[in-house]
Amino acid sequence: MLRKKECVAMLLAGGQGSRLYALTSNIAKPAVSFGAKYRIIDFPLSNCINSGIDTVGVLTQYQPLVLNEYVGNGQPWDLDRTFGGVHILSPYEAKTDTSWYKGTANAIYQNIRFMKMYDPEYVLILSGDHIYKMDYDKMLQAHKAANADCTIACMQVPFEEASRFGILNTNPDGTIYEFEEKPAKPKSNLASMGIYIFTASKLFKYLEEDDKDPNSEKDFGKNILPNMLNKGERMYSYRFEGYWKDVGTISSLWEANMDLLGVVPNFELSDREHEIHSRSPLAPPAFVEGEIVNSIVATGCEAEGRIVNSVIGTDCVIEKGAEVCDSVLMGNITVRAGAKINYAIIDEDVTIGEKAIVGAPITEAKKVTGKTNGITVLGRGINVKKNGKISAGEIVDKDV
Amino acid sequence: MASTVGVIYSSINEENVPELTKVRSMGSIPYGGRYRMVDFALSNMVNSGITTVGMITKNNYQSLMDHLGTGKYWDLARKEGGLILLPPYSGETETLYKNRLEALKGATAFLKKAKEDFVVLADSDAIYKLDYSKVIDFHIKNNADITMVYHEHETKKSHYYMTFETEKDGKITEIEINSAKGGVKKNYINVMVARTSFILRIIQDAIQHGYISFGRDILSPGVKTYNLYGYKLEGYYASITSLSSYFDANMALLDKKVRSEVFGDRDVYTKVNDSSPAKIAEGAIVKNSLISDGCLIEGTIENCVLFRGVKIGKGAVVKNCIIMTDNIIGENCNLAYVISDKNSVIRDNRTLAGCEIQPYFVNKGSLI
């Protein structure tokens, strides 16, 4: 048997996702629900298997319980393999040096032995907080064709948003001559998507050197990539065109969910050529009786109220006379009769009591300024009592 | 619970629904939007703690195999036991089995190998929930030779092969075969429990005496010679005995009570597909319907069961229909009382109608 993998993927899934507030109080960002039946991590994992990459290390650190349980043996993504497959990699205790992952580069460095087990030619570094469909194999072929040491996937973003990203300044042949991490005055609008392919030997060399550097922040964007560039390694950009969304904030998470709506949505999930796999729940089809307009309804739902422009997750109950507009309901949520939900993101296992009012109609709510730009956020497992009221833009993580 | 092995007949009573079994076996008839008929007996077994299940097949079992795979969705992909397919087994002079007894004969090797003390035999043409371990407890308590499960309900003209009378404690006193009379009866649902050794003895006996029918040659005369008991199945029960009963059994799921009884515990297992969640577009009207993943609805539907990946075009009006996986219903179509098998396309502006007792059937893969 072939004891070697051409390319191993390493998925950075340890981030806390603090800008998702109550949604990540108890779970890691990649485990946050998305699009009625998915979790964010379904996207990179599905991309891997759809690109022919069957060996994935998932690096976890922050609140990994839900994520570990969800990934399990990787079977939903066909990543249960006798050699390879998906592996959860947590920080571990070592004989001489024990530590948490200190940065993206350190997390990968601490798992250098995992990668070397597969003797890979290439290593693909991914992050677990983006929604997109991508064929990594095309990027790998470009990396090989260019005989590159490192290839960074990038896409054009509006200039006014460019300073939020790592920006690549490139020559016409695609080689990178400068890398700027979140520049105040960006020279280009080519943003790094946080997806890197390294020639494995180069990656190991730079990780080992970086580990010895006491002044390093152990970060890919700040240390590894600039170091490689300074030493004259062959760094290439790889242009991606298509849907890609960072769902690190409440409003971007809301927008990405809304991008699924419509007969011709901004982001299409029903594409059988590139299916997004997930740990599908064991629920019967959705029962629908009521006024439903331009919405997505997952299995196990009992939808009898009015639902407009919303994404309704698995096993939700929307009782007769309840109203849900412009909202994202993640899963196992009960909305009692007469309750009204507007412009909100509601996490799993929440109950909204009779005639309770959550949020305000979208046009009014958008005028509210604050951390969530008017989107009301309810955390996992809370109860909103009968006639309860939660104002637009509030973030709630305990019963009210 | 007592150690138990399960045996499922996946291919029995197919003549009752020739439309649906033309291209598949009874066990793989699609049901309820995402299930196959075999899921119910199989899930009941798993939920009763049974970890070894033999699946007797006959012909046309490709779709069944595709559905069952290794059995992982039922947690039956095991090193010890698990799901074992039992395709027809025949010598040079024999042909495919013609009845239950012959079919079971083919499973002799499987049963001999099984270390389990008890065996549950079940068909795959019915929707019900039953903890078989309770039947086995009942069986042991009564020191029965065979325990037969029945459901008591009224039928106009019994379509059940066997009905029986019991004493208060469940002891069967009389078995009637092909009863012509209707009324409230104890209808045998073709689920039985016995010791594995007892079943093996019966099979051996049947071979020696040239018996053909389980009911006529063994159970019916067995009332006198064996200790036969009847176990009452409570709750919802529906079996597929005709196209209209298939229609009714699907429509029954639109009743909240039935839905919660069958699926409330979320423990009916089935093959998982990764279709995206159902989408209801602007301008669509949906009333009293079940909608599966992958559906895209732009028209009007009422009292329908839609399987995965069904598209309902703009302006289409679909009422009282069962539309199976990956059907495309064109714009401005008008459908009433239609059962449309998988992968069919109904072109724009078509009108198709059946009636409550005689639904209109569209063959798998049709283009109308």
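The values are calculated or read from the model by the stated rules, or taken from the named source; none is laboratory data. Since the model is a prediction, treat every value here as computed from it, not as a measurement. So basically every Cβ, Gly included, is an ideal-geometry build from the backbone, and we count neighbours across all protein chains shown.
Quick one: A:K355 ticks every box in (1) touching a residue at least 40 places away in the same chain (Cβ under 8 Å); (2) away from chain B (no Cβ under 13 Å); (3) part of a loop (DSSP other than H, G, I, E, B); (4) not hydroxyl-bearing (S, T, Y) except a single one, so which number is it?
(1)
If you go through region A:342-368, how many residues are within 28 Å of the chain's Cα centre (by Cα) and under 14 Å from A:N383 (Cβ atoms)?
8
Go through region A:50-65 residue by residue and tally those that are more than 24 Å from B:A77 (Cβ to Cβ), among the β-branched types (V, I, T) and part of a strand (DSSP E or B).
Result for region A:50-65: 0.
Would you be able to tell me the number of residues in region A:29-56 that are within 26 Å of A:S251 (Cβ to Cβ) and either within 14 Å of chain B (Cβ to nearest Cβ) or free of Cβ contacts under 8 Å to residues at least 60 places away in the same chain (or both)?
Summing the residues that are within 26 Å of A:S251 (Cβ to Cβ) and either within 14 Å of chain B (Cβ to nearest Cβ) or free of Cβ contacts under 8 Å to residues at least 60 places away in the same chain (or both) in region A:29-56 gives 13.
Which of the residues that make up region B:278-308 are without any contact (Cβ under 8 Å) to a residue 60 or more places away in the chain, part of a loop (DSSP other than H, G, I, E, B), within 9 Å of chain A (Cβ to nearest Cβ) and within 19 Å of B:M251 (Cα to Cα)? Give the steps one after another, and end with the answer.
Within region B:278-308, the first condition is being without any contact (Cβ under 8 Å) to a residue 60 or more places away in the chain, and the residues that meet it are B:278-289, B:294-304.
Checking the rest, the ones that are also part of a loop (DSSP other than H, G, I, E, B) come to B:281-284, B:294-295, B:298-299, B:303-304.
Imposing the further condition that a residue be within 9 Å of chain A (Cβ to nearest Cβ) reduces the set to B:281-284, B:294-295, B:298.
If the condition is that a residue be without any contact (Cβ under 8 Å) to a residue 60 or more places away in the chain, part of a loop (DSSP other than H, G, I, E, B), within 9 Å of chain A (Cβ to nearest Cβ) and within 19 Å of B:M251 (Cα to Cα), then B:C295 is the only one that fits.
Among (1) over 15 Å from the mean Cα position of the chain (by Cα); (2) more than 14 Å from chain B (Cβ to nearest Cβ); (3) at pLDDT 90 or above, where does A:K102 come up short?
(3)
Answer yes or no: is there a residue in region B:83-91 that is under 28 Å from B:L253 (Cα atoms) and surrounded by fewer than 18 Cβ atoms within 10 Å (Cβ to Cβ).
Within region B:83-91, none of the residues are under 28 Å from B:L253 (Cα atoms) and surrounded by fewer than 18 Cβ atoms within 10 Å (Cβ to Cβ).
In region B:312-324, which residues are facing chain A (nearest Cβ under 10 Å) and closer than 17 Å to A:S270 by Cβ?
Scanning region B:312-324 gives no hits.
Filter region A:254-267 down to the residues that are in contact (Cβ under 8 Å) with a residue 12 or more places away in the chain and within 9 Å of chain B (Cβ to nearest Cβ) and list them by number. Even if it seems obvious, please write down each step before you answer.
Going through region A:254-267, the residues in contact (Cβ under 8 Å) with a residue 12 or more places away in the chain turn out to be A:254, A:256-262, A:266-267.
If the condition is that a residue be in contact (Cβ under 8 Å) with a residue 12 or more places away in the chain and within 9 Å of chain B (Cβ to nearest Cβ), then A:L260, A:L261, A:G262 are the ones that fit.
Just checking, does region B:242-261 include any residue being in a loop (DSSP other than H, G, I, E, B) and in contact (Cβ under 8 Å) with a residue 60 or more places away in the chain?
yes
For region B:241-266, which residues satisfy the criterion of being surrounded by fewer than 16 Cβ atoms within 10 Å (Cβ to Cβ) and facing chain A (nearest Cβ under 7 Å)?
B:R266, the sole residue that qualifies.
Does region B:22-46 hold any residues that are within 14 Å of chain A (Cβ to nearest Cβ) and within 16 Å of B:T325 (Cβ to Cβ), and which are they?
Matches in region B:22-46: B:P30, B:Y31, B:G32, B:G33, B:R34, B:Y35, B:R36, B:D39.
Return the total of residues in region A:57-81 being within 14 Å of chain B (Cβ to nearest Cβ) and surrounded by fewer than 17 Cβ atoms within 10 Å (Cβ to Cβ).
Here the count works out to 4.
Which one of B:L121, B:L76, B:L130 is within 29 Å of B:K168 (Cα to Cα), assigned to a loop (DSSP other than H, G, I, E, B) and in contact (Cβ under 8 Å) with a residue 24 or more places away in the chain? Write out each step before concluding.
Values: B:L121 fails: assigned to a loop (DSSP other than H, G, I, E, B); B:L76 fails: within 29 Å of B:K168 (Cα to Cα).
Of B:L121, B:L76, B:L130, the one residue that is within 29 Å of B:K168 (Cα to Cα), assigned to a loop (DSSP other than H, G, I, E, B) and in contact (Cβ under 8 Å) with a residue 24 or more places away in the chain is B:L130.
Considering every residue within region A:332-344, establish whether at least one is surrounded by fewer than 24 Cβ atoms within 10 Å (Cβ to Cβ) and within 11 Å of chain B (Cβ to nearest Cβ).
yes
Considering each residue of region A:86-138, count those that are polar (S, T, N, Q) and in contact with a strand residue (DSSP E or B) (Cβ under 6 Å, 6 or more places away or on another chain), and give that number.
Counting residues in region A:86-138 that are polar (S, T, N, Q) and in contact with a strand residue (DSSP E or B) (Cβ under 6 Å, 6 or more places away or on another chain) gives 3.
How about region B:140-166: which of its residues are modelled with pLDDT of 95 or more and of a type in the set (D, E)?
Once the filter is applied, which keeps residues that are modelled with pLDDT of 95 or more and of a type in the set (D, E), region B:140-166 yields only B:D145.
Tell me which residues, restricted to region B:174-210, are exposed (fewer than 12 other Cβ atoms within 10 Å of the Cβ) and polar (S, T, N, Q).
Of everything in region B:174-210, just one residue is exposed (fewer than 12 other Cβ atoms within 10 Å of the Cβ) and polar (S, T, N, Q), namely B:Q208.
Working carefully through the options A:N68, A:N47, find the one that is within 18 Å of the chain's Cα centre (by Cα), closer than 24 Å to A:M139 by Cα and part of a helix (DSSP H, G or I).
It is A:N47.
Looking at (1) polar (S, T, N, Q); (2) part of a helix (DSSP H, G or I); (3) touching a helix residue (DSSP H, G or I) at 6+ places or on another chain (Cβ under 9 Å), which is the one condition that is false for B:S220?
(3)
Can you tell me which residue within region B:23-80, out of those that are among the hydroxyl-bearing types (S, T, Y) and in contact with a helix residue (DSSP H, G or I) (Cβ under 8 Å, 6 or more places away or on another chain), is farthest from B:N190 (Cα to Cα)? Give the steps one after another, and end with the answer.
First, the residues of region B:23-80 that are among the hydroxyl-bearing types (S, T, Y): B:25, B:28, B:31, B:35, B:43, B:48, B:51-52, B:57, B:61, B:63, B:70, B:73.
If we keep only those that are in contact with a helix residue (DSSP H, G or I) (Cβ under 8 Å, 6 or more places away or on another chain) too, we end up with B:25, B:28, B:31, B:43, B:48, B:57, B:61, B:63.
On the way: B:S25: 17, B:S28: 18, B:Y31: 20, B:S43: 16, B:S48: 17, B:T57: 16, B:Y61: 21, B:S63: 23 Å.
Taking the candidates together, the pick is B:S63.
Out of A:A22, A:A36, report the one residue that is among the hydrophobic types (A, V, I, L, M, F, W, C), assigned to a helix (DSSP H, G or I) and farther than 19 Å from A:M193 by Cα. Even if it seems obvious, please write down each step before you answer.
Working: A:A36 fails: assigned to a helix (DSSP H, G or I).
Result of the check over A:A22, A:A36: A:A22.
Considering only region A:283-302, state which residues are more than 7 Å from chain B (Cβ to nearest Cβ) and surrounded by fewer than 24 Cβ atoms within 10 Å (Cβ to Cβ).
Listed by number, the residues that qualify are A:G290, A:E291, A:G300, A:E302.
Listed residues A:S251, A:S280; which is surrounded by fewer than 24 Cβ atoms within 10 Å (Cβ to Cβ), hydroxyl-bearing (S, T, Y), away from every other protein chain (no Cβ under 14 Å) and within 26 Å of the chain's Cα centre (by Cα)?
The unique qualifying residue is A:S251.
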